[in-house]
Amino acid sequence: MAGSDLQRISRLGRYLGRDRRRLLLTLVLLIPVALAGAIQPLLVGQAISILRTVSGATNEAVAPILQPLDSTLALRLIIVALLISVLVRLALQGVQSFNIQSVGQRLTARIRRDLFAHAMDLSLRFHDRMPVGKLLTRLTSDVDALAEVFGSGAVGVLGDLVTLTVIAVTMLLIEWRLGLLLLVSQVPVTLVVLWLQGRYRKANYRVREELSQLNADFQENLQGLDVVQMFRREAFNGARFQRTGLAYREAVNGTILFDSSISAFLEWVSLGAVAIVLALGGWMVSSGAMGLGILTTFILYSQRLFDPLRQMAERFTQIQGGLTAVERIGELLEEPLEIRDHTRAGSANTQDSTAEGASPAPLQVMPSSRGEVVFEGVHFAYRPDEPILQDLSFRLAPGEHVALVGPTGSGKTTVIRLLCRLYEPQQGRILLDGRDIRSLSLPDLRRQLGVVLQDTFLFSGSVGDNLRLDRDIDDKQLKEVCRDLGLSTLLGRLPQGLDTELRERGGNLSSGERQLLAVARVAIRNPNVLVMDEATAFMDPSTEATLQRDLDRLLERRTAVVIAHRLATVEAADRILVLRRGRLIEQGTHLQLRAQGGLYAELAELQERGLARL
């Protein structure tokens with residue numbers, strides 16, 4: 001685990017490259033800060049030695065630079081030096097703290113940006129198995145914990161080590177016997193603290209996992225709030241959420257136990273060290289082997305010696321939490337991209353999602369699309385034991401309108417997902433105008449496709465922004481397109497037209513209105529291949545009639561793949577493909593398939609009687 005931690009930290013360390021100057025300045029300041037802190041007990045001890053010398057004591061060690069001076073002047077110089085050391089230390093610590101926090105925030109922003117980009121690039125297969133709440137935890141609290149590793153945690157530990165070194169050297173120079181005694185006591189203390197930190201690391205990983213589950217449950221209940229309320233699941237879901245919350249609380253209690261154990265252990269050891277210094281130092285002062293000023297210096301040093309250890313223990317707690325975050329974030333960043341552009345140089349190293357023994361074609365640029373779509377021996381399964389498509393082959397001629405028909409689970413939606421490269425087939429290939437779609441860049445491929453799904457997703461923002469998406473088009477052109485598409489009536493009903501702000505998922509629009517906008521934003525892109533999943537399913541008859549003319553114009557001279565459940569839509573298709581259990585069992589026109597008396601004829605007859613959908 002330690003090796004993998006170092007690898008992940010070194011890999012994430014590249015995010016600090018832009019802030020190397022700030023980090024270098026922070027590291028350089030560690031030494032003067034430590035010296036300013038270490039000189040204060042020495043000055044206090046010198047002040048006591050001078051006062052004892054004035055009262056007649058002969059065994060006090062006064063610094064040579066102060067011996068020729070009058071006692072009053074020497075004390076004033078010590079007070080001034082003490083004040084200067086305090087002010088310098090506070091000022092330098094302020095600069096350090098500002099730099100550390102600044103670097104931490106920059107680091108957080110960069111890692112979160114890359115995590116978001118990587119999550120957007122991951123295939124739907126990954127997101128199908130990763131709950132949104134767990135993903136959000138990695139993008140939020142895990143990134144914040146990681147910032148502490150590179151910020152206050154790591155830099156703070158270095159500062160504590162420097163402080164500990166300076167104090168240790170100073171003690172050995174002043175009185176090596178007491179200094180050596182105090183330093184030897186640090187060895188078992190350090191071993192115990194490291195053991196407790198290892199236990200804390202395991203407990204903290206469980207905390208992160210339980211927090212992810214807590215967020216996932218919360219997000220799921222908010223998304224399905226209408227179902228929760230309609231079916232009166234508040235009490236049941238509340239009890240389940242309570243169990244998740246209790247599991248999270250128990251996990252947090254485990255980290256609190258180890259954290260408090262470390263603090264209590266160090267407190268007892270520091271008190272014991274002070275007692276030993278008092279006992280031994282008192283005997284040495286009584287025997288004349290050491291002055292009271294040196295004893296006072298060592299008492300102060302013994303207290304300060306454990307301050308870095310105490311702070312290091314607290315920071316190690318932060319670091320252990322951060323290392324857990326490093327592990328979880330590293331797992332996400334290391335998640336391979338299943339859907340990716342195969343470049344000329346790197347195509348051989350990418351994940352093999354091609355047909356048996358085949359390698360992806362070099363990346364190509366598509367000059368102009370005619371709209372020919374070919375499936376050749378495509379096999380696909382979401383899970384190895386449940387094949388969805390089996391040896392599926394068909395060809396769509398340029399400009400041909402094809403309807404996909406079949407029972408639920410026959411693979412109709414999967415065909416659309418594979419065509420858009422949201423998933424990769426395990427075997428076979430898909431061609432667009434004779435080119436394997438894996439050899440086309442994703443932006444180029446999806447620029448040729450216009451997809452209208454049954455479940456329309458709208459982003460929060462203005463209506464105009466949802467229509468534009470990635471197209472650079474001004475308001476005047478957008479209004480003209482909307483007028484041509486028959487959206488003037490809809491925009492007239494909205495308070496601010498194209499500038500009307502939409503709530504999350506377009507919650508302030510009806511289902512039919514959202515579907516109108518979905519069709520319009522596809523029409524704006526002028527695709528060569530149109531894919532429609534019952535685009536008029538949520539429209540009332542009058543709205544559907546208004547849109548039908550524009551749909552006909554949108555379909556004109558374009559290849560169209562339509563998942564249809566209405567007999568009228570299917571009858572208008574040039575050809576009908578009938579799927580069952582992932583296999584193409586029938587194809588032909590409406591009249592041809594009715595005459596065959598197969599599955600399509602059965603489904604059509606049942607729908608005419610109002611007993612089933614196609």
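Each value in this text was obtained by applying a stated rule to the coordinates, not by laboratory testing. Remember, it's a predicted structure, so these values are computed and weren't measured experimentally. Quick reminder, even Gly has a Cβ in these numbers, built from the backbone with ideal geometry, and neighbours come from all protein chains shown.
Some observations on this one:
- The value given for the chain is a Kirkwood hydrodynamic radius of 30.7 Å, derived from the mean inverse Cα-Cα separation.
- For segment 394-427, backbone nitrogen atoms closer than 13 Å to the point 7 Å from GLN587 Cα along Cα-to-C-beta are found at 394-398, 400-405.
- Multiplying the residue separation of GLU334 and ILE276 by 0.36 nm and subtracting their alpha-carbon distance yields 15.7 nm.
- Computed from backbone phi with θ = phi - 60° and the Karplus coefficients 6.51, -1.76 and 1.60, the 3J(HN,Hα) list for segment 571-580 is 4, 7, 6, 5, 8, 10, 9, 9, 10, 8 Hz; x is used for glycine and proline.
- Base-10 log of normalised Debye intensity for segment 373-608 (one unit scatterer per alpha-carbon) at q = 0.08, 0.11, 0.14, 0.16 Å⁻¹: -0.32, -0.60, -0.95, -1.18
- Charged-residue dipole, Cβ positions (Lys, Arg, Asp, Glu), the chain about Cα centre, Debye nearest 20: 860
- Of the residues PHE298, PHE306, the one with the fewest other Cβ atoms within 10 Å heads the list, and the complete ranking is PHE306, PHE298.
- Extension gain (nm, one decimal) between PHE265 and SER287, 0.36 nm per residue minus Cα-Cα: 4.6 nm
- Segment 378-510: translational diffusion in µm²/s, Stokes-Einstein, Kirkwood Rh over Cα pairs, 25 °C, 0.890 mPa s: 137
- Along the axis of the charge dipole computed for the chain (Cβ charges of +1 for Lys and Arg, -1 for Asp and Glu, origin at the Cα centre), the listed residues MET284, ILE437, ALA325 are led at the positive end by MET284.
- Close amide-amide hydrogen proximity is noted between ALA564 and LEU404, each under 5 Å apart and 5 or more residues distant or on a separate chain (H modeled in the peptide plane; Pro and chain starts excluded).
- When THR569, THR500 are sorted by how many other C-beta atoms sit within 10 angstrom of their C-beta, beginning with the fewest, the order is THR500, THR569.
- Magnitude of the charge dipole for segment 373-608, about its Cα centre and with charges confined to Cβ atoms of Lys, Arg (+1) and Asp, Glu (-1), is about 380 debye.
- Computed P(r) (all Cα pairs; segment 554-601; 10 Å bins; percent): 24, 57, 18, 1
- For the chain, with +1 on Lys and Arg beta carbons and -1 on Asp and Glu, the positive-most of ALA145, LEU135, LEU266 along the dipole: LEU266
- Spin-label pair ASP484/ASP465, simplified geometry with 7 Å Cα→Cβ offset, distance in nm: 2.6
- Gap separating the Cα centres of segment 193-214 and segment 436-507, nearest whole Å: 45
- Split the chain at each of the GluC sites (Glu not before Pro) in a DSSP loop with at most 15 other beta carbon atoms within 10 Å, and the longest piece is 1-333.
- For segment 380-404, backbone nitrogen atoms closer than 20 Å to the point 7 Å from GLU571 Cα along Cα-to-C-beta are found at 401-404.
- Alpha carbon centroid spacing (whole Å) that separates segment 367-416 from segment 566-581: 14
- In degrees, nearest ten, helix 599-608 long axis to first principal axis of the chain (Cα): 80
- Put in order of Cβ neighbour count within 10 Å, fewest first, the listed residues ILE437, ILE416 become ILE416, ILE437.
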